[in-house]
Amino acid sequence: MNLRPRKDHQSGRRRSIDDILEGKVLDAQRMPDPLYWDFSSCPAGEVDECRAYEFARHVRAIREDVARLRKGMEQSFDKLFAHLRKTIFASGSHRQTALFWFYPEFPKQPYLSVPAEERNRRTKLAWPLPERAAMAAALHPKILPLYLGQDLRSNFRKSGERRFVTAIWN
């Protein structure tokens with residue numbers, strides 16, 4: 001939708017963003033469905049997934065990648081997940097941080113148009129670990145600071161906790 005000010009054909013004056021926000025320009029018939037723009041109903045635990053999904057809907061390269069990966073596949077979450085999970089979750093894959101790759105509704109429908117119960121089912125299927133365990137599993141050594149291991153060993157030795165040093169780095 002183009003929200004740039006345009007001339008109103010009846011009055012000849014330019015429409016402003018204030019006019020649009022006050023409802024002077026858009027009427028209920030032309031107002032987009034709130035699921036496309038109002039994320040206030042998104043549960044706190046799904047904000048990152050919703051943000052990734054909605055962002056990706058507007059990036060042509062991502063939409064084309066999704067279409068290429070899904071080509072010729074049955075369009076259901078479970079089937080897409082079964083066929084694509086190794087590709088999406090492959091080590092080093094830039095795709096592994098979001099689930100929209102598997103959502104058959106993507107990119108045509110907004111994230112919040114998928115019922116909450118179904119979104120929860122899909123999340124549990126893809127990431128069955130509790131949240132803290134999943135976050136710990138997502139850590140990859142290459143994103144840790146270069147000298148973290150040395151700093152930890154040094155601090156463990158200073159604190160007298162040598163058993164951790166042996167268990168972790170030897």
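Of note:
- On a per residue basis, the convex hull of the C-alpha atoms belonging to region 43-139 measures out at 101 Å³.
- Karplus-derived HN-Hα couplings along region 35-46 (A = 6.51, B = -1.76, C = 1.60, θ = phi - 60°), whole Hz, x at Gly and Pro: 4, 7, 9, 9, 9, 5, 8, 6, x, 4, x, 10
- The mean sequence separation of alpha-carbon pairs under 8 Å and at least six residues apart, normalised by the residue count of region 29-114, gives a relative contact order of 39 percent.
- Label zone (residue 123, point 7 Å along Cα-to-C-beta; backbone nitrogen cut-off 14 Å) within region 43-68: 43-53.
- Vicinal HN-Hα couplings computed from phi for region 47-52 (Karplus, 6.51 cos²θ - 1.76 cosθ + 1.60; Hz; Gly/Pro x): 4, 5, 5, 4, 4, 5
- Using Cβ point charges alone (K and R +1, D and E -1), the dipole size of region 43-139 about the Cα centre works out to roughly 340 debye.
Taken together, the values in this text are just the output of simple stated rules run on the coordinates, not laboratory data. Keep in mind it's a predicted model, so treat the numbers as computed, not measured. We place every Cβ from the backbone using ideal geometry, glycine too, and count neighbours over all the protein chains shown.
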